[in-house]
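Down below is the structure, laid out as structure tokens.
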Amino acid sequence: MLVYEGGSAVDGYTRKFDVLTTRSEAREILQAVYDALRTKGYDPVSQIVGYILSEDPTYITNYNNARSLICRLDRDELLQELVRSFLEK
């Protein structure tokens with residue numbers, strides 16, 4: 001098992017990502033981005049999916065600082081939160 005902690009490998013197969021944003025912060029950011037997109041008339045789900053797939057921040061509106069907020073999340077963190085939320089419901 002290869003684990004990266006602080007940039008160092010523990011062994012040869014698995015990589016562990018350090019989560020820099022707490023779960024509640026990630027959830028709050030996603031909700032704020034969703035709300036901003038909806039307020040501006042976009043389909044929030046499509047726009048967020050576009051951002052996740054491409055990492056192109058122009059999928060996210062600047063309204064209410066949403067683009068800056070979502071860029072604070074690592075794509076891996078974002079996917080973790082989405083999968084966790086989906087599976088826990």
Quick check on my filter: what residues within the range 32-89 are surrounded by fewer than 17 Cβ atoms within 10 Å (Cβ to Cβ) and touching an Asp or Glu at 6+ places or on another chain (Cβ under 8 Å)?
Gly50, Asn64, Arg75
What number of residues within the range 23-58 satisfy the criterion of being of a type in the set (Ser, Thr, Tyr), out of contact with any Ser or Thr (no Cβ under 7 Å at 6 or more places or on another chain) and either under 26 Å from Glu88 (Cβ atoms) or not in a helix (DSSP H, G or I) (or both)?
4
Assuming Leu73 fulfils every condition listed in (1) hydrophobic (A, V, I, L, M, F, W, C); (2) assigned to a helix (DSSP H, G or I); (3) closer than 21 Å to Arg23 by Cβ apart from one, which condition is it?
(2)
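Coordinate-derived values only; no laboratory data. Remember, predicted model here, so these are calculated numbers, not experimental data. In this analysis, Cβ positions are derived from the backbone assuming ideal geometry, glycine residues included, and neighbour counts consider all displayed protein chains.
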